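Read the structure below first, then the notes.
The values are calculated or read from the model by the stated rules, or taken from the named source; none is laboratory data. This one's a predicted model, so the numbers in the text were calculated from it and none came from an experiment. Methodologically, a virtual Cβ is constructed for each residue, glycine included, from the backbone with ideal geometry; neighbour enumeration extends over all protein chains shown. Heavy atoms of the whole protein, side chains included, go into the accessibility calculation; ligands, DNA and RNA do not. Shrake-Rupley method; radii C 1.70, N 1.55, O 1.52, S 1.80 Å.
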Amino acid sequence: MTPLFPADPLPIPAPVWLLKGLAWTTLLLHFLFMNVVLGGSLLSLVYCVKGKPRHLEAALGVARALPSVMAYTITFGVAPLLFLQVLYGPVFYTAAVLVAPFFLAIIPVLILAYYLMYLLSWRWDKLGGARPVLFAAVFALLGYVGFTYANLFTLVCDPERFKPLYLAAPSGAHLNTAEVTLLPRLLHVLFGAVAVAGLFVALQGIRKLPRDPEQGRWQYRSGATWFCGATVIAMLVGVWWLFALPPEQRGLFLGGSLLGTLAFGVGVAAALAALVHVWLGINSNRPGWMLWTGVGALAVTVLCMLLMRDVLRDAALAPYWRTADLKVEPQWGAILLFLLLFVGGLGFCFWLLRLARRAFPPPDLPPLGSGGYRFILPKGPGSDGAKGP
Amino acid sequence: MNYPVWQVAFGSGWLIAVVATLHVFVSHFAIGGGLFLVLLEGSAHRHDDEALRAWLKRHSRFFLLLTLVFGALTGVGIWFTIGLISPEATGRLIRIFVWGWAIEWVFFLVEILAILVYYYAWDRMETLTHRAVGWTYFGAAWASLAVINGILAFQLSPGAWLQDRSLLSAFFNPTYFSSLAVRTLVCLALAGLYALASLAFTRNGLRPDLVKKSAVWVAAPVLLLPAAAWWYLRTVPALQKTALTEVFYLPHLARTVMVSVSLLFLLAAVAWFSRSKWILRPLSVLMLLLGFAALAFSEWTREDLRMPFLIAGDTYINQVPVARLAELRAKGILATSPWVSAAAVTPQNQRRVGEELFRLACSHCHTVRKGLIPLAPKMVAVDETFAANLALRTDQMRGRMPPFPGTAEEARAIAHYLRLSAMPVPQPGDGASVFRRRCGPCHTVSGAFRPLAKSLKGMAESELSDLVQNLDSMNDKMPPWTGTNAERGALCAWLAGQVKASPVGGAP
């Protein structure tokens with residue numbers, strides 16, 4: 001029989017490690033931003049339903065940020081997809097053809113979600129009762145995108161099924177819902193997203209502390225509580241996912257693959273570290289610091305998850321497609337130019353961010369320092385500061 | 001044939017066309033519009049013109065919503081679409097140009113941050129800094145055009161890359177600079193078009209001076225466009241340019257573009273004089289539509305110039321790399337593609353396999369019954385042997401088709417399947433109809449495409465009849481005559497009359 005994915009005579013123009021490294025870096029950022037928009041819309045929906053002024057204030061903060069975070073979700077989503085196409089082109093394109101209509105529908109769905117975000121962000125005051133509906137719509141639309149990608153990328157790992165699926169319906173109306181890991185995978189991502197969104201709300205709370213200590217403190221506690229709760233659930237779902245995997249794939253993370261096992265171990269440890277830090281931060285006198293270390297630990301977790309995903313995919317694809325077998329002829333000149341421009345581009349970005357910071361200065365109250373203690377600690381019995389979300 | 005072909009209702013061609021045209025119309029505005037904003041902001045600053053600043057601020061809101069959301073996502077949409085419809089060519093382009101795309105992405109990153117800062121910081125920065133942000137946006141946006149233009153132009157004119165495989169030759173290919181010039185002018189004109197519409201529909205009073213300025217933004221680049229287009233056509237490789245004579249509708253298409261562009265110029269002049277919103281509103285909408293039409297038709301022309309390739313000289317539109325054609329023709333599609341259900345054609349599987357082969361080899365441009373260029377009705381109008389012979393000779397026919405990438409049995413399976421997919425209808429037996437069915441796919445009598453009048457001039461009907469009976473012995477590109485004797489008689493009588501009447505044939 002002819003091989004499913006014949007080798008392409010055209011070489012790939014960069015070493016595999018470089019492409020993978022860039023894919024991982026950009027994907028990490030994509031996941032972080034994506035979690036904020038996906039989880040943020042859900043969390044804001046909950047806040048809007050609860051409906052007290054402080055809830056609405058927190059939801060407004062998320063709504064204001066959504067469109068810009070979305071812009072970066074998309075930008076940082078495009079890059080890994082590009083590198084992925086160099087590394088796994090034939091496998092990816094073929095799987096995409098199998099889910100083609102769903103895959104292509106992502107574009108109009110995203111456009112709609114994006115415009116709804118702008119509506120929420122720019123017309124907040126006029127929306128009133130429509131807010132929860134809009135948040136729910138944004139969440140549902142983004143959920144569709146996540147669902148489709150989960151289908152696509154689980155399908156990518158299962159080339160065995162490509163041919164029968166294609167011959168059964170070449171119009172590409174397949175989803176991969178028969179996949180047993182699909183549900184835990186989706187739930188894991190969903191709770192992870194809520195956790196990250198909680199962190200985002202907490203960060204906005206920290207920023208509000210000097211101007212509006214009451215709200216800032218409440219938002220910190222609420223966001224952090226959501227983070228901790230959702231993280232614990234996501235970890236439990238992760239265990240489910242792990243056991244839903246076929247034994248030989250699960251084994252990769254339990255000693256079978258060095259990178260896989262390391263990523264698994266470090267990932268879990270970092271998640272626990274994030275959990276502890278954010279939790280302790282609730283009553284700490286340096287909440288900002290605790291929170292940011294939490295964010296750092298979380299980023300490590302996401303990076304590890306992403307590496308595990310990569311290990312899993314490479315193992316599943318090994319009989320069909322091995323990136324190590326690709327013919328490589330690096331275009332060093334172009335790579336150098338890219339790196340130079342990348343550094344230059346980052347320079348421009350920092351300059352722009354600095355301008356933005358100056359244009360939107362944080363209110364100039366005394367720096368937090370130990371002062372944060374005053375705002376953060378529950379004021380003793382009778383105070384409302386101790387209430388969770 | 002390395003990839004499965006996604007089956008799209010009504011043909012996949014329209015899908016790409018729709019996504020691409022929408023994107024082009026917005027993304028070019030995203031570039032020109034950026035320049036428009038910073039330049040006018042400068043003018044507002046110099047003349048201390050608060051009203052202008054206020055309008056620019058509103059205009060930039062519309063700009064942000066349109067370009068950042070719709071423009072950016074339809075760009076991703078094109079990429080998704082070509083990956084689905086042309087995975088082979090997309091994969092090849094990505095392997096050649098991944099660093100080009102990566103560089104474009106860097107510009108994109110800067111572009112997005114710059115436009116966000118520009119919009120949100122209107123009243124929160126010094127004008128100088130704000131304009132620097134605007135210039136950063138425009139610079140990055142134009143630079144990303146300059147990169148992507150290299151890849152688009154490469155598809156039409158890979159030039160020296162076909163031999164030397166160097167990235168530099170691929171990028172700075174023969175149509176690179178000329179198409180960059182055309183696209184840059186389009187960006188500027190679109191900025192003016194959108195500005196006119198934005199002015200006409202603003203709630204405040206009309207500012208005649210701004211209307212005039214915007215009209216000039218349309219008229220000036222439009223005035224230069226013909227020269228740029230001429231330059232562009234000069235740089236298009238000769239082989240691709242033959243489409244202009246071979247594809248009968250292309251001259252009309254090109255003329256439509258020219259007419260719309262000239263009209264745009266005239267209407268810009270009318271806009272220059274308009275003082276009333278009630279004139280400017282319909283006018284600006286009309287101008288946007290004209291601009292859209294001109295752009296859509298010129299992109300269509302460019303695509304047709306490239307046929308039958310996706311990367312000229314390298315990859316055919318039906319995902320066959322030129323380098324693999326000989327192998328495919330020798331071994332067949334069934335033996336080399338994983339995306340079929342059988343390894344050989346048998347009488348039992350002929351229909352099913354024919355459908356699969358049609359999908360792999362022809363469905364990029366054809367549908368079966370409905371949609372883009374349906375084939376079943378044409379195939380059912382002739383006998384199966386002739387139909388199979390046509391399928392085998394796609395590269396000889398009108399339509400700039402790629403060569404058939406398989407064996408004779410496979411071509412017959414396609415013909416068999418197509419003929420079973422339409423109801424046979426009685427075919428008219430007059431000479432003109434017979435010619436259309438049996439010679440028309442490859443000849444005209446005295447038209448542009450492989451005319452016969454000259455070589456048939458002076459032949460008697462009986463000589464013609466002999467000739468038609470022995471077509472395949474004349475050259476191996478022609479299929480043997482498989483029609484009935486009655487058809488042959490009608491054909492030759494009609495042909496003799498036509499040849500005599502045609503200017504070349506009639507002269508002694």
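Rounded to the nearest 20, the size of the Cβ-charge dipole of the protein assembly as shown about its Cα centre is 2140 debye, with Lys and Arg at +1 and Asp and Glu at -1. Take the accessible area of chain B alone and of chain A alone, subtract that of the pair, and you get about 6500 Å² summed over both chains, using a 1.4 Å probe.
Counting only other chain Cβ atoms within 10 Å of each residue's Cβ, the peptide A:107-115 averages 4. Taking every DSSP helix (H) stretch of at least 4 residues in chain A, weighting each as -39,500 (n - 2.57) and dividing the sum by the residue count yields a mean residue ellipticity at 222 nm of -26500 deg cm²/dmol. The number of Lys pairs in chain A with C-alpha atoms less than 30 Å apart, excluding pairs fewer than 8 positions apart on the same chain, is 16.
Mean silhouette area of the stretch B:101-190, derived from the convex hull of its C-alpha atoms and averaged over all directions, reads 6.6 nm². Within the assembled protein chains, the solvent-accessible surface assigned to B:Ser262 is about 70 Å², based on a 1.4 Å probe. Using only the Cα atoms of the stretch B:340-380, build the gyration tensor, take square roots of its eigenvalues as a ≥ b ≥ c, and label the shape rounded, prolate or oblate: rounded if a/c is under 1.5, else prolate if a/b is larger than b/c, else oblate. Oblate, since a/c reaches 1.5 and b/c is not below a/b. The C-alpha atoms of chain A define a longest principal axis, and helix A:53-98 lies at about 10 degrees to it. Eigen-decomposition of the gyration tensor built on the alpha-carbon atoms of the stretch A:10-121 gives equivalent ellipsoid semi-axes of 34, 16, 10 angstrom, largest listed first. The aspartates and glutamates within cross-link reach of B:Lys57, meaning a Cα-to-Cα straight distance under 20 Å and a gap of 8 or more places when in the same chain, are B:Glu41, B:Asp48, B:Asp49, B:Glu111, B:Asp123, B:Glu126, B:Asp209.
Projected onto its three principal axes, the C-alpha set of the protein assembly as shown covers 114, 75, 51 Å, listed from the longest axis down. Per-residue Cβ counts within 10 Å, from other chains only, averaged over A:329-341: what number is that? Neighbouring Cβ atoms belonging to other protein chains average 4 per residue here. The simple spin-label model puts a point 7 Å past each Cα toward its Cβ; for A:Thr177 and A:Arg358 those points are separated by 5.5 nm. Per-atom-type breakdown for the protein assembly as shown gives carbon and sulfur 69% of the accessible area (1.4 Å probe, protein chains only). Convex hull volume per residue, computed on the Cα atoms of the stretch A:257-346, equals 122 Å³.
Kindly provide log₁₀ I(q)/I(0) values, in the same order as q = 0.06, 0.09, 0.11 Å⁻¹, from the Debye equation applied to equal alpha-carbon scatterers of chain A. Log10 of I(q)/I(0), two decimals: -0.26, -0.59, -0.87.
By the Stokes-Einstein formula, at 1.002 mPa s and 20 °C, the stretch B:322-363 with its Kirkwood radius over alpha-carbon pairs has D equal to 200 µm²/s.
Placing dummy labels 7 Å off each Cα toward the beta-carbon, the span from A:Leu259 to B:Asp209 is 6.3 nm. Taking the inverse of the mean 1/r over every pair of distinct Cα atoms in the stretch B:224-378 gives a Kirkwood hydrodynamic radius of 19.4 Å. Surface analysis of the stretch B:11-166 yields an accessible area of 29 Å² per residue, using protein heavy atoms and a 1.4 Å probe.
With the cut-off at 1.5 for a/c, could you classify the stretch B:52-110 from its C-alpha gyration tensor as rounded, prolate or oblate? The shape class here is oblate. Accessible surface area normalised per residue over chain A is 42 Å², counting heavy atoms of protein chains with a 1.4 Å rolling probe. With Rh defined as the Kirkwood radius, the inverse of the mean 1/r over Cα pairs, the Rg/Rh of the stretch B:323-421 is 0.93. Roughly how many Å is it from the Cα centre of the stretch B:419-473 to that of the stretch A:9-55, as a whole number? About 62 Å separates the Cα centre of the stretch B:419-473 from the one of the stretch A:9-55. Protection proxy ranking for A:319-325, B:402-408, using the average of other Cβ atoms within 10 Å per residue and placing the highest first: B:402-408, A:319-325. Residues in the stretch B:323-421 average 40 Å² of solvent-accessible surface per residue, probe 1.4 Å, ligands and nucleic acids excluded. Based on C-alpha pairs under 8 angstrom that are at least 6 apart in sequence, the stretch B:323-421 has a relative contact order of 38 percent.
In degrees, nearest 10, range 0 to 90: what is the angle between the Cα axis of helix B:176-200 and the longest Cα principal axis of chain B? Helix B:176-200 sits at roughly 60 degrees to that axis.
Loop-located trypsin sites (Lys or Arg not before Pro) in the stretch B:193-251 (DSSP state not H, G, I, E or B) with no more than 15 neighbouring Cβ atoms inside 10 Å: B:Arg203. Label points 7 Å out from Cα along the Cβ direction at A:Val133 and B:Phe172: separation in nm? The modelled label-to-label distance comes out at 5.8 nm.
Centre-to-centre separation between the Cα atoms of the stretch B:371-397 and those of the stretch A:256-324: 59 Å.
Cα extents for the stretch B:172-254 along the principal axes, largest to smallest and rounded to whole angstrom: 54, 30, 16.
Per residue, the convex hull spanned by the alpha carbons of chain B comes to 172 Å³. The angle between the Cα long axis of helix B:87-120 and the longest principal axis of the Cα atoms of chain B comes to about 20 degrees, rounded to the nearest 10.
Residues of the stretch A:8-48 whose accessible area, computed with a 1.4 Å probe over protein heavy atoms, drops by at least 50 Å² once all protein chains are present relative to their chain alone are A:Asp8, A:Leu10. Peptide A:62-69 shows a mean partner chain C-beta count of 1 within 10 Å per residue C-beta.
Translational diffusion coefficient, Stokes-Einstein: compute it for the stretch B:431-501 using the Kirkwood radius over C-alpha pairs as Rh, at 25 °C and 0.890 mPa s, and state it as an integer in µm² s⁻¹. Roughly 204 µm²/s, to the nearest whole number.
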